[in-house]
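Chemist: Have a look at the structure that comes next, please.
The values are calculated or read from the model by the stated rules, or taken from the named source; none is laboratory data. None of these values were measured; they are calculated from a predicted model. Heads up, the Cβs are rebuilt from the backbone with ideal geometry, glycines too, and the neighbour counts pull from every protein chain shown. The area values use the complete protein model at the heavy-atom level, side chains included, leaving out ligands, DNA and RNA. Shrake-Rupley method; radii C 1.70, N 1.55, O 1.52, S 1.80 Å.
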Amino acid sequence: MATQVIRYSIAVAAFVFTVTFGWFVVQNYELDKVRLTGFYWVAQFNVEQKGSEARQITYVDLTGRQVTRSAGEIYADAEMRDLYMRYNANAKQFAFLALLPTCIAFALVLGVFALVGRSLKNEEHVRGARLVSQRDLKAWSRRKWREYERKFGKGSKSGPRYTLASIEFGRVAV
């Protein structure tokens, strides 16, 4: 039960983080500039990791023109690097800011489950089943058998009545 509570709390927290971070991005980023930062990242990867500065990359710039440049030229472009650095720093800041509502949501969901879990009594339902005492279950079973015998007669069931902890199974249980 505790693992389900933790798992559900984490799922709610992840949802809240995603929504909050997405809201920050939508409010503060321009799609064309985000696309440029992606091309700058590809150029940076080609230059720093693969060593292929000559690889040609085709993209649409901010004026709407299609441009083909080498990875080395894009990597050396100061405007694209500044845009990439600014958007990258903003993304890290947005992720940090999104953690606050995420932690609050996690604590609230966990707290609600803790309060509900403590308030459960023996007579309340857990996962669709009602928890009852042995005495109550035995009385319920006797009552059902009496109704059955009234309806069909006392000798209508020919087989033995099976019991568990001195409680007879219902007539349709076996």
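Chemist: Here are labelled values, (i) 72, 14, 9; (ii) 66, 14, 12; (iii) 70, 20, 13, and one is the computed semi-axes √(5λ) of the Cα gyration tensor in Å for what I pasted. Which one?
Modeler: (iii)
Chemist: I would also like to ask the following. Run the helix sum for the chain: -39,500 (n - 2.57) per DSSP H stretch of 4+ residues, divided by residue count, reported at 222 nm to the nearest 500 deg cm²/dmol.
Modeler: Numbers: 5 runs with 109 residues, N = 174.
Using -39500 (n - 2.57) per qualifying helix, the result is -22000 deg cm²/dmol.
Chemist: List the residues, sorted by chain then number, that are 5 or more residues from Ile57 or on another chain and whose placed amide H is less than 5 Å from its amide H.
Modeler: Arg69, Ser70, Ala71
Chemist: Treating only the Cβ atoms of Lys and Arg (+1) and Asp and Glu (-1) as charged, compute the dipole magnitude of the range 1-74 about its Cα centre; round to the nearest 20 debye.
Modeler: Numbers: 7 positive and 6 negative charges, 38 e Å.
Computed about the Cα centre, the dipole is about 180 debye.
Chemist: Right, here's the next one. Of Val109, Tyr75, Ala54, which is farthest along the charge dipole of the chain in the positive direction, counting Lys and Arg as +1 and Asp and Glu as -1 at C-beta?
Modeler: About the Cα centre, the residue reaching furthest to the positive side is Val109.
Chemist: Here's a follow-up. Let me check against my output: what whole-number percent is the relative contact order of the chain, with C-alpha pairs under 8 Å and at least 6 apart? Don't skip to the end; give the middle numbers.
Modeler: Working: 131 pairs, mean separation 36.2, N = 174.
Relative contact order, the chain: 21 percent.
Chemist: Can you give me the accessible area per residue for the chain, using a 1.4 Å probe, in Å²? Kindly include the intermediate steps, with their values, before the conclusion.
Modeler: Working: 12820 Å² over 174 residues.
For the chain, the per-residue accessible area is 74 Å².
Chemist: If a paramagnetic tag sat 7 Å from the Cα of Glu73 along the Cα-Cβ line, which residues of the range 26-62 would have the backbone N under 12 Å from that point?
Modeler: 54-59
Chemist: Okay, moving on. State the extension gain, in nm to one decimal, for the chain segment bounded by Glu149 and Ala89, taking 0.36 nm per residue of separation less the distance between their alpha-carbons. Intermediate results must be reported in sequence, preceding the final value.
Modeler: Values: separation 60, 0.36 × 60 = 21.60 nm, distance 7.78 nm.
Gain on extension, Glu149 to Ala89, equals 13.8 nm.
Chemist: Under the rule of at least 5 residues apart or a separate chain, name every residue whose amide H is placed under 5 Å from the amide H of Phe169.
Modeler: So Phe169 has HN proximity to Tyr162, Thr163, Leu164.
Chemist: How much length would be gained if the chain were fully extended between Val19 and Thr163, taking 0.36 nm per residue of separation minus their Cα-Cα distance, in nm to one decimal? It would help to have the intermediate numbers written out before the result.
Modeler: Working: separation 144, 0.36 × 144 = 51.84 nm, distance 5.46 nm.
Full extension of this stretch gives 46.4 nm more.
Chemist: In nm, what is the difference between 0.36 nm times the number of residues separating Leu99 and Arg81 and their Cα-Cα distance? Each step should come with its number before you reach the end.
Modeler: Values: separation 18, 0.36 × 18 = 6.48 nm, distance 2.73 nm.
Extra length from Leu99 to Arg81 when fully extended: 3.8 nm.
Chemist: Listed highest first by mean packing, meaning other Cβ atoms within 10 Å per residue, what order do 42-49, 89-96 come in?
Modeler: Details: 42-49: 16.1, 89-96: 13.1.
Peptide ranking by packing, descending: 42-49, 89-96.
Chemist: Still on this structure, please answer the following. Pull up the cross-link candidates among the lysines for Lys50, meaning alpha carbon to alpha carbon under 30 Å and not fewer than 8 places away within one chain.
Modeler: Those lysines meeting the cut-off are Lys33, Lys92.
Chemist: Follow-up question, since we're still on this one. Can you pull the one-decimal nm distance between simple spin-label points at Val34 and Leu137, each 7 Å off the Cα toward Cβ?
Modeler: Computed distance between label sites Val34 and Leu137 equals 5.6 nm.
Chemist: Before anything else, pin down the relative contact order of the range 1-77: Cα pairs under 8 Å, at least 6 apart, normalised by residue count, whole percent. All intermediate terms of the calculation are to be shown ahead of the outcome.
Modeler: Details: 55 pairs, mean separation 18.0, N = 77.
That works out to 23 percent.
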